[in-house]
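> The structure under discussion is supplied below as structure tokens; questions concerning it will follow.
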Amino acid sequence: MPPRIAIPLPHSTDAKYGERAYPQYVHAIEPLGGMAVRIPLDLPPAQVMKLIESCDAVVLPGSKADVDPAKYGAAREPHTADADPQRDTVDELLLQDAYNMRKPILGICYGLQILNVYRSGTLLQHIESKVNHEAGRDIAVAHQVAVEQDSRLAEILCLGVNTGSNTPLVPVNSSHHQSAEIAGDGLRIVARCPEDGIIEALEGETRDHFILAVQWHPERSFADDPRSRAIFQALVKAADVRHREFTAEFEAL
């Protein structure tokens, strides 16, 4: 059986947005051997937990919402979009389960932000920069990110070999106006935009639990960019390892 990867719908009230965005994540997982498990946002928590307990990993997708600033002790600023409480509730259930059961986590854009807030980090509510972080889906390369050479992300992207630099640069797309500001508990900053210092990737501090979050959208460039595929390949591989470990633990009972 392929590893089952839970993906919540991106938004609870904008169905058109959700149905347009969700298939991109499925198409980035299933060709690599994973099975996407759709997690609705309108179910009671007990039903959500029933769905996700059989999953081996989690993808937290992008969203048009912003995380409620009250969750990280800040007042709401004018540029901050409305929160999506149903999405946040499901994400928090997914994260609670993933941390308790050591399931791999991949956060993308909003997924990075909700992960960071869940771990008691903070967000920059609006980016003021010469770099266009809100470039959108029609611009394939918005800017570059500098990746820490000793990171899991650098390994996944096959960086650090003959680069001649401690911080290899990777071109990325970009569709966000917020970012992580202070990294949450157990998370480390592993990529920034070199022009303005905006945090572009976080990962778990320990190697025994796959936790990775990127501020760009590798699902959009999956078909054309080997590095985007590598991010999802790493998740599916980690999910498969967790699936086999769980199966072995269950059979040993």
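The values are calculated or read from the model by the stated rules, or taken from the named source; none is laboratory data. Please read these numbers as outputs of a predicted model, since none were measured by experiment. Cβ sites come from the backbone with ideal geometry, for glycine too, and all protein chains shown count toward neighbours.
> Quick one: in the stretch 138-154, of everything that is free of Cβ contacts under 8 Å to residues at least 24 places away in the same chain and surrounded by fewer than 14 Cβ atoms within 10 Å (Cβ to Cβ), which residue is nearest to LEU112 (Cα to Cα)?
For the stretch 138-154, the residue satisfying everything is ASP150.
> Does at least one position in the stretch 53-61 carry a residue that is among the hydroxyl-bearing types (Ser, Thr, Tyr) and either surrounded by fewer than 18 Cβ atoms within 10 Å (Cβ to Cβ) or touching a Cys at 6+ places or on another chain (Cβ under 7 Å) (or both)?
yes
> Still on this structure: Name the residue that is nearest to ALA223 (Cα to Cα), counting only residues in the stretch 233-250 that are at pLDDT 90 or above and among the charged types (D, E, K, R).
Taking the candidates together, the pick is LYS237.
> While we're here: Every residue in the stretch 195-208 that is part of a loop (DSSP other than H, G, I, E, B), touching a strand residue (DSSP E or B) at 6+ places or on another chain (Cβ under 8 Å) and within 25 Å of ASP56 (Cβ to Cβ), please.
Within the stretch 195-208, just GLU205 meets the criteria.
> Another question, if that's okay. Which one is nearest to ASP196 (Cα to Cα) among residues in the stretch 109-132 that are in contact with a His (Cβ under 7 Å, 6 or more places away or on another chain) and surrounded by 21 or more Cβ atoms within 10 Å (Cβ to Cβ)?
So the residue we want is GLN125.
> Only residues that are touching a Leu at 6+ places or on another chain (Cβ under 8 Å) and of a type in the set (S, T, N, Q): list them for the stretch 190-219, please.
Across the stretch 190-219, the qualifying residue is only GLN215.
> Identify all residues within the stretch 1-52 that are in contact with a strand residue (DSSP E or B) (Cβ under 6 Å, 6 or more places away or on another chain), part of a helix (DSSP H, G or I) and touching a residue at least 60 places away in the same chain (Cβ under 8 Å); write none if there are none.
Within the stretch 1-52, TYR25, ILE29 meet the criteria.
> Can you tell me which residue in the stretch 88-97 is surrounded by the most Cβ atoms within 10 Å (Cβ to Cβ), limited to those that are under 25 Å from ARG220 (Cα atoms) and touching a strand residue (DSSP E or B) at 6+ places or on another chain (Cβ under 9 Å)?
Across the stretch 88-97, the extreme among qualifying residues is LEU94.
> Something else: Taking ASP97 as the residue in question, decide whether it is acidic (Asp, Glu), outside any helix (DSSP H, G or I) and at pLDDT 95 or above.
no
> Also, quick follow-up: Working carefully through the options GLY111, GLY107, find the one that is closer than 12 Å to TRP216 by Cα and not in a strand (DSSP E or B).
Being closer than 12 Å to TRP216 by Cα and not in a strand (DSSP E or B) holds for just one of GLY111, GLY107, which is GLY111.
> May I pose another question? Could you say which residue among ILE189, ILE211, ILE231, ILE182 is surrounded by fewer than 19 Cβ atoms within 10 Å (Cβ to Cβ), among the hydrophobic types (A, V, I, L, M, F, W, C) and in contact (Cβ under 8 Å) with a residue 60 or more places away in the chain?
Unique residue meeting the criteria: ILE182.
> Could you please find all residues in the stretch 165-194 being farther than 16 Å from SER228 by Cβ and in a strand (DSSP E or B)?
Across the stretch 165-194, the qualifying residues are SER179, ALA180, GLU181, ILE182, LEU187, ARG188, ILE189, VAL190, ARG192.
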